[in-house]
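Student: Let me begin by handing over the structure; questions about it come next.
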Amino acid sequence: DAIVRMPAFDDGRPQRYGNALSSSASIMRIVLLGAPGSGKGTQSQLLVKTYGVPQISTGDLLREAVAAGTELGRRAKAAMDAGKLVDDDTVLGMICARLGHADAAKGFILDGFPRNITQADALRKMLRDIGRPLEAVVLLNVDLGILFKRLTGRRICQDCGQVFNVFTSPPDTALHLDQYGHPPRLIQRPDDREEVIGKRLEVYDAQTKPLINYYSDSGLLRVVDADADMGTVFQSIQQAVNS
Ligand code: AMP
């Protein structure tokens, strides 16, 4: 079972959180940091499969709320459609509730959260209060030109959530039918339209990028070259969290 891991060796040295991932006793508690289109969602899904800890994506939670037509979803929708950040109170309330679910006791992969310093400070306090601090923050580094192509080409199968790219990884209809029992039915996220992408990248630069220094200062940051194929990036992430 990928979730149950062996006890760590006690070599008498003080434990560092960053190191804790390399000891198999530890539970994975990480943040994937990176611009829109850097592959956080894709890599989170691979980590979920390998380590058996849940992916917590504030973007997914917000999209679910919008689709369900909840009050929170209605409040969030305008900001999302415009490529802006949803207000901190809404997002923090959602995260606090989600971290309280039983499955998060095994650890978690935070995807798309935190997005600014206020959220990072709040997360640090929340995790400190429950005695489960972060172990690593992995920055997925991708060139701006590539991000643009990834985002404009991104399409999602509305039936199963598989992510494709019309430029770089279009779906194979027969294979998809075979694997999922339905043909791919591709939709584009409303905020992946070209006119919104620029805004999202701008917001990332202004509000989220400062987290690189924030987590570098706290010794948690690991930088991964995410301008490579999915498997290579995944290996780099595994190496990074084990270092
Ligand atoms: P994502 O799927 O992570 O790209 O998020 C899609 C949209 O949801 C973003 O453009 C924001 O409008 C909103 N969102 C997601 N996560 C956050 C967050 N941590 N703080 C504020 N807004 C968020």
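Student: Just to check your reading of the model, which residue among Phe108, Phe164 is among the aromatic types (Phe, Trp, Tyr) and under 15 Å from Ser38 (Cα atoms)?
Tutor: Selected residue: Phe164, the only one of Phe108, Phe164 that is among the aromatic types (Phe, Trp, Tyr) and under 15 Å from Ser38 (Cα atoms).
Student: Also, quick follow-up: Name the residue, out of Ile109, Ile146, that is of a type outside the set (Phe, Trp, Tyr) and part of a helix (DSSP H, G or I).
Tutor: Matching residue, one of Ile109, Ile146: Ile146.
Student: Right, next: Given the criterion away from the ligand (no atom under 14 Å from the Cβ) and in a helix (DSSP H, G or I), identify the matching residue among Asp89, Asp159, Asp178, Asp121.
Tutor: On inspection, the qualifying residue turns out to be Asp178.
Student: Being open to solvent by 60 Å² or more (accessible area, probe 1.4 Å), out of contact with any Ser or Thr (no Cβ under 7 Å at 6 or more places or on another chain), of a type in the set (D, E, K, R) and away from the ligand (no atom under 16 Å from the Cβ), is that true of even one residue in the stretch 189-198?
Tutor: No, every residue in the stretch 189-198 fails to be open to solvent by 60 Å² or more (accessible area, probe 1.4 Å), out of contact with any Ser or Thr (no Cβ under 7 Å at 6 or more places or on another chain), of a type in the set (D, E, K, R) and away from the ligand (no atom under 16 Å from the Cβ).
Student: Same structure again: Could you tell me which of the residues Tyr180, Tyr215, Tyr204 is open to solvent by 30 Å² or more (accessible area, probe 1.4 Å) and of a type in the set (Ser, Thr, Tyr)?
Tutor: Within the list Tyr180, Tyr215, Tyr204, the selection yields Tyr180.
Student: Follow-up question, since we're still on this one. Got at least one residue in the stretch 100-115 being surrounded by 15 or more Cβ atoms within 10 Å (Cβ to Cβ), near the ligand (Cβ under 9 Å from one of its atoms) and charged (D, E, K, R)?
Tutor: Yes - at least one qualifying residue is present in the stretch 100-115.
Student: Select from the stretch 77-86 the residues that are without any contact (Cβ under 8 Å) to a residue 12 or more places away in the chain and surrounded by 14 or more Cβ atoms within 10 Å (Cβ to Cβ) and write down the one among them that is farthest from the ligand (Cβ to nearest atom).
Tutor: So the residue we want is Lys77.
Student: Evaluate the stretch 41-50: report whether one residue or more is closer than 14 Å to Phe113 by Cα and more than 9 Å from the ligand (Cβ to nearest atom).
Tutor: Looking for residues that are closer than 14 Å to Phe113 by Cα and more than 9 Å from the ligand (Cβ to nearest atom), one finds at least one in the stretch 41-50, hence yes.
The values are calculated or read from the model by the stated rules, or taken from the named source; none is laboratory data. Please read all numbers here as calculations on a predicted model, not as lab measurements. Heads up, the Cβs are rebuilt from the backbone with ideal geometry, glycines too, and the neighbour counts pull from every protein chain shown. With ligands, DNA and RNA removed, areas are computed over all heavy atoms of the protein, side chains included. Shrake-Rupley method; radii C 1.70, N 1.55, O 1.52, S 1.80 Å.
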